Amino acid sequence: MPTFALGPNQYGKAEIRIVRVTRGPGGDELMDLNVSVSLRGDLAASHLTGDNGAVLPTDTQKNTVYAFARQHGIDDIESFAARLARHFVGSQPSIHGARVHVEQYPWRPVDGRHTFRRDGGEVRTATVHHDAEHTQVVSGVRDLVLLKTTDSEFHGFVKDAWTTLPETRDRILATSVNATWRHTGSADHGAARAALVEAFAATHSLALQQTLFAMGSSVLAACPDVVEVKLSLPNRHHFLVDLAPFGLDNPDEVYYAADRPYGLIEGTVRRDDDVAEEVTWSF
Ligand SMILES: O=c1[nH]c(=O)c2[nH]c(=O)[nH]c2[nH]1
């Protein structure tokens, strides 16, 4: 009879949707969040025999998120996530590590009182890992869509028997930025985001890879607390439409916006002196 061993595991409540209204005489504030909790610790018994003596139910975790939102409010998603992560590790002897991931959906005030408009698709993110050794905060943004109509080239690439892509000295460059930045303190989210956008705009791009490095470097330059920036940049291809069959020229004016397949350019930019590795949980 073969025996099997339990490997790494974690559990928690995923995607706890929470909308918190902070009411005030000068107008209400809205926080629209999606919170996911993952806990690690002495959880073998539950897996091996169904003994749940060490298991804080995921339902309780959900309730804790709502209760903390009421009790402590939500200043920013980083500190809310850190408060929760520290609570789960600090209050449960069987729990040794917590990861709390928060996504924040953007709403903008419409009338300065109580009406809001959901803004674009861009989402702000924060993930806090907390255990006995350290607390690590990773902030980010995803689905930040950027496009420039020129200032982008792509040439000098490898050509083999299967290459059909023409070299270009002028193209549209577009991407949907997924970025995370690991920091030691309270990295200014607005400054990091602005640095990403500014670098995308200012870089005369010879490759999206080059733009990626410029964007990561820009965040490191703007935010002293940030030690590492991870970027995942889909290349949203825009192909010139051939209008010759209709007797029309097309001097870089009419494009077909392809949604797939897309190039996916991913990379990390870090300070030379950063030796600490990110705490990565394998799932
Ligand atoms: O900026 C780019 N990088 C690539 O690696 C690549 N590959 C491709 O087909 N187009 C592009 N564009």
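Every number here is computed from the coordinates shown, using simple stated rules; none is lab data. The structure presented is a predicted model; accordingly, all values stated were derived computationally and were not measured. Backbone-built Cβ (ideal geometry, glycine too); neighbour counts: all protein chains shown.
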Q.
Net charge around residue 72, counting only other residues with Cβ within less than 14 Å of its Cβ (Lys, Arg = +1; Asp, Glu = -1)?
A. +1
Q | Segment residue 240-residue 225, extension gain: residue separation times 0.36 nm, minus the distance between their alpha carbons | A | 1.2 nm
Q: Would you give the gap between the C-alpha center of segment 3-29 and the C-alpha center of segment 80-139, rounded to a whole Å?
A: 7 Å
Q. Net charge near residue 122, counting Lys/Arg +1 and Asp/Glu -1 over other residues with Cβ under 10 Å of its Cβ?
A. +1
Q | Rounded to the nearest 20 debye, dipole of the chain from Cβ charges on Lys, Arg, Asp, Glu | A | 900 debye
Q: Fewest Cβ neighbours within 10 Å first, please rank 29, 167, 78 accordingly.
A: 167, 29, 78
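Tell me the net charge near residue 233. Cut-off is 14 Å between Cβ atoms, residue 233 excluded, with +1 for each Lys or Arg and -1 for each Asp or Glu. Mind showing how you got there, number by number?
Values: positive: 142, 148, 230, 236; negative: 143, 266.
With Lys, Arg at +1 and Asp, Glu at -1, the neighbours total +2.
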Q: Please turn the phi angles of segment 112-128 into ³J(HN,Hα) values with the Karplus equation 6.51 cos²θ - 1.76 cosθ + 1.60 (θ = phi - 60°), one per residue in order, whole Hz, x for glycine and proline.
A: x, 10, 8, 10, 10, 10, 5, 9, x, x, 5, 10, 8, 10, 8, 10, 10
Q: Pick out which of 245, 109, 57 has the largest mean-square fluctuation in a Gaussian network model of the chain, springs linking Cα atoms closer than 10 Å.
A: 245
Q. What ranking of 219, 19, 123, 137 emerges when the number of other C-beta atoms within 10 Å of each C-beta is taken as an exposure proxy, fewest first?
A. 19, 123, 137, 219
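What Kirkwood radius, in Å to one decimal, follows from the Cα pairs of the chain?
Result for the chain, one decimal place: 21.9 Å.
Can you list the trypsin sites (Lys or Arg not before Pro) in segment 1-107 that are in a DSSP coil and have 13 or fewer other beta carbons within 10 angstrom? If you can, show how the numbers build up before the last one.
Values: sites: 13, 17, 20, 23, 40, 62, 70, 83, 86, 99; in loops: 13, 23.
Here the trypsin sites (Lys or Arg not before Pro) that fit, given the DSSP loop and packing criteria, are 23.
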Q.
I'd like the orientation of helix 208-222 relative to the chain: the angle between its Cα long axis and the longest Cα principal axis, in ° from 0 to 90, rounded to 10.
A. 50 degrees
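Subtract the Cα-Cα distance of residue 252 and residue 1 from 0.36 nm times their separation in residues, and report this length gain in nm to one decimal. Working shown, then result.
Values: separation 251, 0.36 × 251 = 90.36 nm, distance 6.88 nm.
My answer for the length gained is 83.5 nm.
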Q: Could you tell me whether segment 140-283 comes out rounded, prolate or oblate from its Cα gyration tensor? Rule is a ≥ b ≥ c as square roots of the eigenvalues, rounded for a/c under 1.5, then prolate if a/b exceeds b/c, otherwise oblate.
A: prolate
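Taking other Cβ within 10 Å of each residue's Cβ, how do 1, 31 sort, fewest first? Show your work: numbers first, answer last.
Values: 1 2, 31 20.
So the ranking, lowest neighbour count to highest, is 1, 31.
What does the charge dipole of segment 140-283 about its Cα centre add up to, to the nearest 20 debye, if the Cβ of each Lys and Arg holds +1 and the Cβ of each Asp and Glu holds -1? Present the calculation step by step, with values, prior to reporting the outcome.
Working: 12 positive and 21 negative charges, 44 e Å.
With Lys and Arg at +1 and Asp and Glu at -1, about 200 debye.
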**Q.** Whole-angstrom gap from segment 145-166 to segment 214-241, using each part's C-alpha centre
**A.** 18 Å
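For the chain, what is the calculated [θ] at 222 nm in deg cm²/dmol (nearest 500), taking -39500 (n - 2.57) for each run of four or more DSSP H residues and dividing by its residue count? Let's see the in-between values first.
Values: 5 runs with 64 residues, N = 283.
Roughly -7000 deg cm²/dmol at 222 nm, from the helical runs in the chain.
Can you tell me the length gained on complete extension of the stretch residue 147 to residue 159, counting 0.36 nm per residue apart and subtracting the Cα distance? Walk me through the numbers on the way to the answer.
On the way: separation 12, 0.36 × 12 = 4.32 nm, distance 2.69 nm.
So the chain would gain 1.6 nm between residue 147 and residue 159.
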